[in-house]
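Working notes for the structure below.
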Amino acid sequence: MPTYTIRKDEITKLVETLQEKYDVYGPIPRRTSHVFDKIEDASKVDLGYDSTIMSPKKYLTPTNQVMMRVGLKDTTIEDSTEDPRASKPRVLFGVHACDINGILFLDKVFGGIYNDPYYAANRENTTLVGINCLEPCKYGFCRSVEKNFVLEGYDLFLTAISETHYYVHVGSPKGDDLIYSAGDVFSEASLEDNNLFKTALRKKHESHSDDLYLDYINETLDMAWDDPIWDELGELCMNCGSCALVCPTCYCFDVKDNLDLTLTNVERTRKWDTCLYYDFATVAGNHNFRSHPPSRLKYRFYHKFRAAVHEHGTIACTGCGRCTATCPAGISIKEVLHRLQDYWASSPSVTGG
Ligand code: SF4
Ligand code: SF4
């Protein structure tokens, strides 16, 4: 596929052109951070953002999703009333590589053994424009978990190659459509642009640290099942669930039926849920498999770095650092992974002792 360039000062024009056909969502400043929000004023898009509070998963698996409405009086069942295919298509603009990797993970979860029609409709309705982070963000460790780059999952992908230009990769026919519909803001990349792109990537590689060794994370977690680290962390953790809510790969939800006051209409809704909450593992008979608070945080780590590999072939962490940024107890996922790494390094089989 050909590659292109676009002037940085043409980004506003590009977003305005996209707005004619799409609802465009992208990073905009909000107080001391950035959020993904619907773009009303194209000039507010800030592609130089560090990270956002919430990940863009909220557009693919919304916090609240109506699945079904049932009329008890006339015994009607209306399935999936909010079909996004019927609405205006969307562009998620300016998504970092870690978050595209998060979406690729959700694709496996919601498009695997159980094909989720709500997620599939949202995904199909969405065009993704990525942006390369040439500098690491404050809490991120994406390179350490090999989620600092993407080979697929995007439609267009932008990389700043100079003060004035972005280099543009096309990842799909949807991306081609954007190039053609945006008209003259894109130019075909020259040999010099290719060289600038290579230089930019080299600098990116040097600036992102790679100080975690996770090759044996599965085995380490097996050995560390009874390690005091879990009780230590459990003492700190407030089970607020913030880490899971901001996480681009956490996907659990609860399903609730709500009967209205007339007792004639029921709405079945699914809402984000998290394994950190007390009642997450409560089953019939009021038995709770994880009533002890530390067991819930421990479960989160074992699911992300152990079970997900078996279920989906990859760890469920993109190194975005949002859980660390948001944790009121100051728990840093990177520090926990470092401690597990130390655990592995100090085991006799590794040291030869
Ligand atoms: S576990 Fe933390 S660092 Fe990893 S993807 Fe989730 S929020 Fe990001
Ligand atoms: S954000 Fe921190 S305190 Fe809250 S549940 Fe997660 S680890 Fe525990």
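Per-residue answers, yes or no, for (1) more than 16 Å from ligand 1 (Cβ to nearest atom); (2) of a type in the set (Gly, Ala, Ser); (3) within 26 Å of Lys147 (Cβ to Cβ); (4) not assigned by TED's automatic domain parsing to the domain that holds Cys142:
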residue: Cys252; (1), (2), (3), (4): no, no, yes, yes
residue: Leu276; (1), (2), (3), (4): no, no, yes, yes
residue: Ala284; (1), (2), (3), (4): yes, yes, no, yes
residue: Phe289; (1), (2), (3), (4): yes, no, no, yes
residue: Pro294; (1), (2), (3), (4): yes, no, no, yes
residue: Ala316; (1), (2), (3), (4): no, yes, yes, yes
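What are the residue pairs meeting all of these: first residue in region 331-353, first residue among the aliphatic types (A, V, I, L, M), second residue assigned to a loop (DSSP other than H, G, I, E, B) and at pLDDT 95 or above, Cβ atoms under 7 Å, and 6 or more apart or on different chains?
Partner pairs satisfying both residue conditions: Ile331/Cys237.
Look at region 328-340 and say how many of its residues are closer than 19 Å to Thr249 by Cβ and more than 9 Å from ligand 1 (Cβ to nearest atom).
Residues in region 328-340 being closer than 19 Å to Thr249 by Cβ and more than 9 Å from ligand 1 (Cβ to nearest atom): 5 in total.
Phe36 is checked against (1) without any contact (Cβ under 8 Å) to a residue 12 or more places away in the chain; (2) surrounded by 14 or more Cβ atoms within 10 Å (Cβ to Cβ) and fails just one. What number does that condition carry?
Result: Phe36 fails condition (1) only.
For region 145-174, how many residues are surrounded by fewer than 22 Cβ atoms within 10 Å (Cβ to Cβ) and either closer than 19 Å to Ile103 by Cα or within 20 Å of the chain's Cα centre (by Cα) (or both)?
Here the count works out to 12.
If you take the residues of region 224-240 that are touching a helix residue (DSSP H, G or I) at 6+ places or on another chain (Cβ under 7 Å) and not charged (D, E, K, R), which of them is farthest from ligand 2 (Cβ to nearest atom)?
Checking each candidate, the answer is Ala224.
Only one of His292, His310 is more than 16 Å from ligand 2 (Cβ to nearest atom), loosely packed, with under 15 Cβ neighbours inside 10 Å and over 16 Å from the mean Cα position of the chain (by Cα); which? Before you say what the answer is, go through the steps one by one.
Numbers: His292 fails: more than 16 Å from ligand 2 (Cβ to nearest atom).
Testing whether each residue is more than 16 Å from ligand 2 (Cβ to nearest atom), loosely packed, with under 15 Cβ neighbours inside 10 Å and over 16 Å from the mean Cα position of the chain (by Cα) leaves just His310.
Restricting to helices (runs of 4 or more DSSP H) lying wholly in region 247-353: which have 2 or more residues that are at pLDDT 90 or above? First the steps, then the outcome.
Details: elements: 293-302, 308-312, 322-326, 333-345, 348-351.
Counting at least 2 such residues, we get 293-302, 308-312, 322-326, 333-345.
Scan (1) surrounded by 15 or more Cβ atoms within 10 Å (Cβ to Cβ); (2) closer than 22 Å to Gly321 by Cα for the single condition Asp210 breaks and write down its number.
The failed condition is (1).
For the condition in contact (Cβ under 8 Å) with a residue 12 or more places away in the chain, away from ligand 1 (no atom under 16 Å from the Cβ), under 21 Å from Lys58 (Cα atoms) and assigned to a helix (DSSP H, G or I), what is the one hit in Asn101, Asn194, Asn122?
Exactly one of Asn101, Asn194, Asn122 is in contact (Cβ under 8 Å) with a residue 12 or more places away in the chain, away from ligand 1 (no atom under 16 Å from the Cβ), under 21 Å from Lys58 (Cα atoms) and assigned to a helix (DSSP H, G or I), namely Asn122.
Which one of Thr52, Thr81, Thr63, Thr75 is surrounded by fewer than 18 Cβ atoms within 10 Å (Cβ to Cβ) and at pLDDT 90 or above?
Unique residue meeting the criteria: Thr63.
Inspect all residues belonging to region 245-266 and state whether any of them is among the aromatic types (Phe, Trp, Tyr), more than 16 Å from ligand 2 (Cβ to nearest atom), at negative phi and touching a strand residue (DSSP E or B) at 6+ places or on another chain (Cβ under 8 Å).
Checking region 245-266: at least one residue is among the aromatic types (Phe, Trp, Tyr), more than 16 Å from ligand 2 (Cβ to nearest atom), at negative phi and touching a strand residue (DSSP E or B) at 6+ places or on another chain (Cβ under 8 Å).
The values are calculated or read from the model by the stated rules, or taken from the named source; none is laboratory data. From a predicted model like this one, the values you see are computed outputs, not experimental measurements. Please note: Cβ atoms are built from the backbone with ideal geometry, for glycine as well, and neighbour counts cover all protein chains shown.
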